[in-house]
């Protein structure tokens, strides 16, 4: 990162967060900004990503009128391909350091820092900082109970197929393994209707099914603060990392893989090998034997500390 861009502001960092209106991407950048805010004073401003032509014009002209009423940024943060050119245009027009989350569509050397999931296997360069999964807004909960469990289901995707009957059998095994645990199960937009119908037909005294349509924004995050045990279908990778960040003991429900296994699936395998998560097996063991976290898992905090260390070294 360029020393000439270093902030001398006594009141902390000014952050411009570039948004592409995709909830998943915005959650990643929000998680990083929140982590920075726990370590230093942060003045954050949200700006929408420009269209491709507009962003290119701003970059070529060297002006960025969209932030004319804002203080000059120390950091420009964006997640999602639509944010990339706007990040570069804003940096050229107003200064600061461009930080991109996820593998960019443009050359990585064009950005000051790239926070990229290690499963993307990008060659290590000085401005690439590998992460385990994508960042999120979850934080560890001291109040979560192992007598409260959460089950999170996804659905078919580019990397995973779906087997309704096998999944229902796994769920019965989990719920019946310890009747003293109260389980809450929710679905997602990707969960097939037939699977949801099968879930609603389960008659287990210690299971409450809450379909995705009956939840509201922040519902899962709130449950993760309460539940010390979490089972996630293997395809729901972002939910796996959220559960880990919450400090829960995490189990993986098996889902058939598409092909020989994607980079995403290899990332999940890495979590199993490091004993961060416990794969489903029959018979289901006592739920207390789910692997406790060997250490705090907070990638947003780790990335924030890395950014601040770079700033302090410049």
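A few notes on this one:
- Top-ranked residue in the stretch 128-143 [being in contact with a strand residue (DSSP E or B) (Cβ under 8 Å, 6 or more places away or on another chain) and either without any contact (Cβ under 8 Å) to a residue 40 or more places away in the chain or surrounded by fewer than 21 Cβ atoms within 10 Å (Cβ to Cβ) (or both); ranked as nearest to residue 277 (Cα to Cα)]: 132
- So residue 173, is it touching a residue at least 24 places away in the same chain (Cβ under 8 Å) and touching a strand residue (DSSP E or B) at 6+ places or on another chain (Cβ under 7 Å): no
- Test: residue in the stretch 44-60 that is under 26 Å from residue 313 (Cα atoms) and either in contact with a strand residue (DSSP E or B) (Cβ under 6 Å, 6 or more places away or on another chain) or touching a residue at least 12 places away in the same chain (Cβ under 8 Å) (or both): yes
- For the stretch 220-252, a residue qualifies if it is touching a helix residue (DSSP H, G or I) at 6+ places or on another chain (Cβ under 7 Å) and within 13 Å of residue 143 (Cα to Cα), and the qualifying residues are 224, 229, 246, 248.
- Among residues of the stretch 21-43 being surrounded by 14 or more Cβ atoms within 10 Å (Cβ to Cβ) and farther than 23 Å from residue 127 by Cα, the one that is modelled with the lowest pLDDT is 22.
Per-residue answers, yes or no, for (1) under 28 Å from residue 241 (Cβ atoms); (2) touching a helix residue (DSSP H, G or I) at 6+ places or on another chain (Cβ under 9 Å); (3) free of Cβ contacts under 8 Å to residues at least 24 places away in the same chain:
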site: 62; (1), (2), (3): no, yes, no
site: 76; (1), (2), (3): yes, yes, no
site: 80; (1), (2), (3): yes, yes, no
site: 90; (1), (2), (3): no, yes, no
site: 93; (1), (2), (3): no, yes, no
site: 100; (1), (2), (3): yes, yes, yes
site: 107; (1), (2), (3): yes, no, yes
site: 113; (1), (2), (3): yes, yes, no
site: 117; (1), (2), (3): yes, yes, no
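- Sole residue being surrounded by fewer than 22 Cβ atoms within 10 Å (Cβ to Cβ) and farther than 20 Å from residue 250 by Cα, chosen from 98, 125, 90: 125
The values are calculated or read from the model by the stated rules, or taken from the named source; none is laboratory data. As the structure is a computational prediction, the values presented were derived from the model and not from experiment. Neighbour counts are summed over all protein chains in view; Cβ atoms, including those assigned to glycine, are modelled from backbone coordinates with ideal geometry.
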